[in-house]
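Q: There's a structure below that I have some questions on.
The values are calculated or read from the model by the stated rules, or taken from the named source; none is laboratory data. All figures in this text were calculated on a predicted structure; none of them were measured in a lab. Don't worry about glycine lacking a Cβ; one is built from the backbone with ideal geometry, like all the others, and counts go over all protein chains shown. We work out accessible area using only protein heavy atoms, side chains counted, and drop any ligands, DNA or RNA first. Shrake-Rupley method; radii C 1.70, N 1.55, O 1.52, S 1.80 Å.
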Amino acid sequence: MVTFLPSRPGRLADVPSFERAIGGAESNVACVLAAAGHTAKWVSRVGADGFGDHLVETIASYGVDTSAVRRDPARPTGIYFRTAGDRATDAHEVAYYRTGSAASAMATDTVDQAALRSGRVLHLSGITAALSDGCLRLLRELTARRPGRPLVSFDVNHRPGLWDTPEGPRVLLDLARGADIVFVGDDEARAAWGLCGAAAVREALPEPDVLVVKHGRGGAVVHERVRDRADFGEDVVDVVTFVPALRVDVVAAVGAGDAFAAGFLSATLRGLPVRDRLRHGHLMAAAALTVPGDLAAPPSRDHADRLAALDDEAWGTLRLGPGWTQAADRAQEEVSTP
């Protein structure tokens, strides 16, 4: 989608002007992964219009392969407007204009299936499932457990305003059960499924090998199924890892969830241990939180690796503010005791 960011805080009715940007859960993740040095491909549909041109050109400028994006001459590119407030507050407003958009026409026969299965990881979002029946059928096909499929990553992204049926939460739960890696916020798990706490979410979602439950400023928990060689065979155990979030001087609380997923997936592709996967997720989220829009320049890989390797005490006292990703050394990182 094309995103319109408000020029000042306030109600949509009171904001006089907006700045054009790009948005979309999957494209955000692709952009962050590409900017972090990975090969990323975005598969979608946009209108054959100026907004579609802007999306494709901007996403490609991050290093993302957009060759599998199809242009739809009969449907427009989706857009949305939002207020400056935190999405978690009642004052936050979002106005979606996606009905009948090119992206809503995605289906098993309107996207490049070979491109979808060409990578090591296929990242999907529950937002796409809400756009149309065709989109939902496509996601059901892609989350079906079949031999030879890529690692399937699924961000629940529960957005009640996008669903035209009360079955949305159940649909999202079914899709998550088919994924290998699942990201969900504890707040959306509570709102969608009435589940409180990572343990309750894991009980409802035992199938994914990796379940990431995000607690915002409280940190994130991973439940990971690990094969443990015992004396009389091999057992599968559920290993739980918690990593606290960083202290961040927040500029805008948008895009952090997509950035977190990208950081976690980046570390997963690199074969890093689960603690470091969570820390890279937090670092990428901190990059997004310290800029006004959905996307931020990530820290260099060396920079992120050095911060992810800090001991627990140093990690707990690290504080990051605007511009920290561009720091050549630790001069722009504030490390203080509580």
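Q: Pairs only if they're at least six apart or on different chains, beta carbon under 7 angstrom, first in the range 270-296 and over 13 Å from Val250 (Cα atoms), second of a type in the set (D, E, K, R) and surrounded by fewer than 24 Cβ atoms within 10 Å (Cβ to Cβ); list them, first residue then second.
A: Every condition considered, the pairs that remain are Val274/Glu224.
Q: Suppose we filter the range 140-158 for residues that are on the phi < 0 side of the Ramachandran plot, crowded, with 18+ Cβ neighbours inside 10 Å and either of a type in the set (D, E, K, R) or not in a strand (DSSP E or B) (or both); how many remain?
A: Total satisfying the criteria: 5.
Q: Taking the range 275-304 as the search range and keeping residues that are open to solvent by 20 Å² or more (accessible area, probe 1.4 Å) and out of contact with any helix residue (DSSP H, G or I) (no Cβ under 6 Å at 6 or more places or on another chain), which one is farthest from Asn157 (Cα to Cα)?
A: The residue in question is Asp302.
Q: Report, by residue number, each residue of the range 305-316 that is touching a residue at least 40 places away in the same chain (Cβ under 8 Å) and surrounded by fewer than 16 Cβ atoms within 10 Å (Cβ to Cβ).
A: The answer is Gly316, and nothing else.
Q: Enumerate the strands (runs of 3 or more DSSP E) found wholly within the range 42-124, keeping only those where 2 or more residues are touching a residue at least 60 places away in the same chain (Cβ under 8 Å).
A: In the range 42-124, the matching strands (runs of 3 or more DSSP E) lie at 79-82, 94-97.
Q: Being open to solvent by less than 40 Å² (accessible area, probe 1.4 Å) and either of a type outside the set (Ser, Thr, Tyr) or at pLDDT below 95 (or both): is that true of Ala230 here? Outline the logic, then answer.
A: Details: open to solvent by less than 40 Å² (accessible area, probe 1.4 Å): no; either of a type outside the set (Ser, Thr, Tyr) or at pLDDT below 95 (or both): yes.
Spelling it out, it is not the case that Ala230 is open to solvent by less than 40 Å² (accessible area, probe 1.4 Å) and either of a type outside the set (Ser, Thr, Tyr) or at pLDDT below 95 (or both).
Q: I need every pair where a residue in the range 11-32 that is within 18 Å of Leu139 (Cα to Cα) and free of Cβ contacts under 8 Å to residues at least 12 places away in the same chain has its Cβ under 6 Å from the Cβ of a residue that is in a loop (DSSP other than H, G, I, E, B) and of a type in the set (S, T, N, Q), sequence separation at least 6 or different chains.
A: Between residues of the range 11-32 that are within 18 Å of Leu139 (Cα to Cα) and free of Cβ contacts under 8 Å to residues at least 12 places away in the same chain and residues that are in a loop (DSSP other than H, G, I, E, B) and of a type in the set (S, T, N, Q), there is no close pair.
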